[in-house]
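Scroll down for the structure; my scribbles are underneath it.
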Amino acid sequence: MIKVKKRKILLLPGDGIGPEVVNEVKKIIEWFNKNRSLDFELDQDLVGGAAYDKFKTPITDEVFFKALECEAVILGAVGGPKWENLDFSKKPERALLKLRKELKLFANLRPAICFKQLVEASSLKPEIVSGLDIMIVRELTGGIYFGEPRGIKPIDNGERKGINTHTYTSKEIERVAKVAFELAKKRNNKVTSCDKSNVMEAGQLWKEEITALHKKDYKDVNLEHMLADNCAMQLLRNPKQFDVIVTDNLFGDILSDEAAMLTGSLGLLPSASLGAKDKDGNLRSMYEPVHGSAPDIAGKGIANPIATILSFSMALKYSLNLDKESTELDNAVQKVLDDGLRTKDIISEGKKEVSTSMMGDAIIACLQK
Ligand code: IPM
Ligand code: MG
C-alpha cells in the first residue's frame, strides 16, 4: 500500500458550492503556513462532476492515488442536476463512495453542536436545542451503500427490479462501535446504538455485536439500543438525551441530516471520515462538510464556509496532531459568530449578512488577533 506523506493535504473542491467553500479553507491553510510556521503541502484537483466534464470519469486514477498518499483529503461536495442522468458508474457521487471505500474510511464522525449564538436559527424551541452537543458515528464503508448483489434487472412481464443488499459482518460492526465507545469515554460516556433489529437480520447482528463488545471492553460506558425510527423521533423530541449515536451507513446518512437541522443550518456541520491507524500510527482520512453541493446557490458567493472550515479543524485534531491550532480555529469561528456576522443561511434580525469570502476573511482576521 502507498505510504502516507506527512503534512500533505489534498483539496478536492468538487461541484456546486464545493469550490467556493474549499477556497476559504485554502486561505486558512495558507494563513497557518505563514503565521504559525506550519509546513502543509497543498495540492488541489478535480473530483465529481467537474472531473467528469474534463475526463469522462468522476475520479481519475491519478487523483485517487494522490488521495491515497496524502495525510488528509479535504473534499467540498459532489453532484448536481447536470450529471443526474449519467450512467450510475459515472455519477459524481461514485467518486466520493470510491474514496470512502478504497481508503477504508469506515468511521464517519458527524458532530451536531448547537452554537449558542445560533439557537434562534434552529426551527426547534431554544430550550430543546441550546447546549446541544451530539456526535453521530456513521458506519461508512458497508451496509446497503455497498452490498452485493445490486443493480436494476429486467424481470417477467416487462417489469424491472431494483436491487440493493444490506449486509454487515461482525468485524465491520465491531470496529465502528469501538470508535463510538472510545469517543464516548472522552465525552459524556453514553452510546446509543441505532438499528432496525425488529425487521432486519443485519440489524439484529448489529445489536448483538455491539452488546458483546460492550460487555467485553466497555462495561463502564452507558449503552442504549434504539430503533432507528424511534431515534429519528427522539432527535426532535429531546435531542439532549444523546451523547454518541452509532449507526449504519444509511441510517447515519439520514439521522445526521436531521441532527444538522437541530443546530440551525446544514451549513455548519463538519465531518471526519477515518480509517484504522497503521503500525506507524498513520491514518487515512477525509474531511467534508455534511451539506451537499447545493447547486441552487452555487456561484452566488452566499454559501456558508463554516462547515468546511470546521472540517479542516477536525483534520488538525484527528489527522495532523495539532489540537492547539484546531481549538484556535474553532474559537475564531465562535468569535465571528459572536460579532454577529452571518451568511444568508443563518441570518436573523439585527445580524450582519456577509458573503462566503467575507466570512472566511473575518475568521482569518480573528486568528490574526
Ligand atoms: C453524505 C451525502 C452522500 C451520502 C452522497 C452525496 C453520496 O449525502 O455524505 O451524507 O449519501 O453518503
Ligand atoms: Mg447525506
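The values are calculated or read from the model by the stated rules, or taken from the named source; none is laboratory data. Bear in mind the structure is a predicted one, so any value in this text is a computation, not a measurement. A quick note on method: Cβ atoms are made from the backbone with ideal geometry, for glycine too, and the neighbour counts reach across all protein chains shown.
Key figures
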quantity: Candidate set from the stretch 84-101 (those that are in a helix (DSSP H, G or I) and over 22 Å from the mean Cα position of the chain (by Cα)); member that is nearest to ligand 2 (Cβ to nearest atom); calculated: PHE88
quantity: Residues located in the stretch 97-138, provided they are touching an Asp or Glu at 6+ places or on another chain (Cβ under 8 Å) and within 11 Å of ligand 1 (Cβ to nearest atom); calculated: ASN108, ARG138
quantity: Exclusive hit being among the basic types (Lys, Arg), over 30 Å from ASP133 (Cα atoms) and modelled with pLDDT of 95 or more, set ARG110, ARG100, ARG94; calculated: ARG94
quantity: Among the residues listed as LEU132, LEU118, LEU109, the single one being farther than 22 Å from CYS194 by Cα and surrounded by 19 or more Cβ atoms within 10 Å (Cβ to Cβ); calculated: LEU118
quantity: Output for the stretch 223-260, where each listed residue is of a type in the set (Val, Ile, Thr) and either more than 16 Å from ligand 2 (Cβ to nearest atom) or assigned to a helix (DSSP H, G or I) (or both); calculated: VAL244, VAL246, ILE254
quantity: Meets criteria (outside any helix (DSSP H, G or I) and assigned by TED's automatic domain parsing to the domain that holds LEU97) for ASP220; calculated: no
quantity: Failed item in (1) crowded, with 20+ Cβ neighbours inside 10 Å; (2) within 16 Å of ligand 1 (Cβ to nearest atom); (3) part of a helix (DSSP H, G or I), with TRP206 passing the rest; calculated: (2)
quantity: Positions within the stretch 321-362 being of a type in the set (D, E, K, R) and closer than 30 Å to LEU283 by Cα, in sequence order; calculated: ASP323, LYS324, GLU325, GLU328, ASP330
quantity: Qualifying residue in the stretch 259-275 (condition: under 21 Å from GLU174 (Cβ atoms) and away from ligand 1 (no atom under 16 Å from the Cβ)); calculated: yes
quantity: Cβ-Cβ under 7 Å pairs, at least 6 apart or on other chains, the stretch 178-193 side in contact (Cβ under 8 Å) with a residue 24 or more places away in the chain, far side of a type in the set (Phe, Trp, Tyr) and surrounded by 15 or more Cβ atoms within 10 Å (Cβ to Cβ); calculated: PHE181/TYR218; VAL191/PHE181; THR192/PHE242
quantity: Residue check for ILE302: over 17 Å from VAL336 (Cα atoms), surrounded by fewer than 22 Cβ atoms within 10 Å (Cβ to Cβ) and in the same structural domain as LYS8 (by TED's automatic domain parsing); calculated: no
quantity: Test: residue in the stretch 228-249 that is surrounded by 22 or more Cβ atoms within 10 Å (Cβ to Cβ), at pLDDT below 95, within 26 Å of LYS104 (Cβ to Cβ) and within 16 Å of ligand 1 (Cβ to nearest atom); calculated: no
quantity: Test: residue in the stretch 331-346 that is in the same structural domain as MET314 (by TED's automatic domain parsing), in contact with a Gly (Cβ under 6 Å, 6 or more places away or on another chain) and more than 16 Å from PRO305 (Cα to Cα); calculated: no
quantity: Test: residue in the stretch 304-320 that is over 20 Å from ARG36 (Cα atoms), of a type outside the set (Ser, Thr, Tyr) and in a helix (DSSP H, G or I); calculated: yes
quantity: Subset of the stretch 274-303 [assigned to a loop (DSSP other than H, G, I, E, B) and under 12 Å from the mean Cα position of the chain (by Cα)]; calculated: GLU288, PRO289, VAL290, HIS291, GLY292
quantity: Positions within the stretch 318-369 being touching a strand residue (DSSP E or B) at 6+ places or on another chain (Cβ under 8 Å), within 18 Å of VAL25 (Cβ to Cβ) and aliphatic (A, V, I, L, M), in sequence order; calculated: LEU320, LEU341, VAL354, MET358, MET359, ALA362
